[in-house]
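This report concerns only the one structure given below.
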Amino acid sequence: MAHGSKYKVAFRRRREGKTNYANRIKLIDLDTYRLVVRLSNANVIVQIIGVGTNGDETLVSAHSKDLQKIGWLGGLKNTSAAYLTAYLCAKRALKQGIEDAVLDIGLKSSTKGSKVFAALKGAVDAGLNVPHGESVLPDEDRITGVHIVEYAKLLDEEGLKKQFSQYLSKGLQPVDLPDHFETIKNKINNEA
């Protein structure tokens, strides 16, 4: 009678920290579309994914770089960008007749008010049906950038140049961020 090791090596994507297979199986069993939100160090990617015969099929996608094409001057990885990217993706999904999805945040921890939930709010505000609890969504002020305006008002000219150099180099004053946010949101509505 041979006795081998009882240790079992995990799947490669699990070892690399890319896939939680237990959560993935639960999502696939729902037999519905997934609203996939992925945050990188530089961008936000939001996709609507369906399960096909040969694996996952990306049906609709939006990237925070798409916002630049519309005229967005803010950052591509902040809370506002997460909201607007998901808003854009949901509008595209509705055009294709996709009305319902479940949120798939991957291996991100579900922290109340995080960028992932800002993206969720963007998709829901655009008209996509995504089950969620209201308590996890960030405040409207945080999404539109009002908190940045309040912070910018506390800084002197030198501090403003130091903290918001990227905004200023693109021609966006930090105090104009909420108005710029609404302008981009309206452009997305007009294109949809």
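The values are calculated or read from the model by the stated rules, or taken from the named source; none is laboratory data. Note that the coordinates shown come from a computational prediction; the quantities given were computed from them, not determined experimentally. Here the Cβ positions follow ideal geometry from the backbone for every residue, glycine too, while neighbour counts run over all protein chains shown.
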List the residue pairs whose Cβ atoms are under 6 Å apart, where the first residue sits in segment 123-139 and is in contact (Cβ under 8 Å) with a residue 24 or more places away in the chain and farther than 10 Å from Y83 by Cα, the second is in a loop (DSSP other than H, G, I, E, B) and charged (D, E, K, R), and the two are 6 or more positions apart or on different chains. N129/E99; V136/K112
Just wondering, is there one or more residues in segment 114-127 that are within 25 Å of R14 (Cβ to Cβ), modelled with pLDDT of 95 or more and touching a Cys at 6+ places or on another chain (Cβ under 9 Å)? yes
Of the conditions (1) without any contact (Cβ under 8 Å) to a residue 60 or more places away in the chain; (2) out of contact with any helix residue (DSSP H, G or I) (no Cβ under 8 Å at 6 or more places or on another chain); (3) more than 20 Å from K69 (Cα to Cα), D100 clears all except one; give me its number. (1)
Mind listing whichever residues of segment 138-147 are exposed (fewer than 13 other Cβ atoms within 10 Å of the Cβ) and of a type in the set (A, V, I, L, M, F, W, C)? none
With the checklist (1) in contact (Cβ under 8 Å) with a residue 60 or more places away in the chain; (2) touching a helix residue (DSSP H, G or I) at 6+ places or on another chain (Cβ under 9 Å); (3) over 28 Å from V60 (Cα atoms) in hand, flag the one item K170 doesn't pass. (2)
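Matching residues to (1) closer than 21 Å to I70 by Cα; (2) at pLDDT 95 or above; (3) surrounded by 13 or more Cβ atoms within 10 Å (Cβ to Cβ):
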position	(1), (2), (3)
V149	no, no, yes
D156	no, no, no
Q163	no, no, yes
V175	yes, no, yes
H180	yes, yes, yes
A192	yes, no, yes
S110 meets each of (1) of a type in the set (S, T, N, Q); (2) loosely packed, with under 13 Cβ neighbours inside 10 Å; (3) over 17 Å from the mean Cα position of the chain (by Cα) with one exception, condition (3)
Could you tell me whether any residue of segment 87-96 is free of Cβ contacts under 8 Å to residues at least 60 places away in the same chain and closer than 19 Å to S40 by Cα? yes
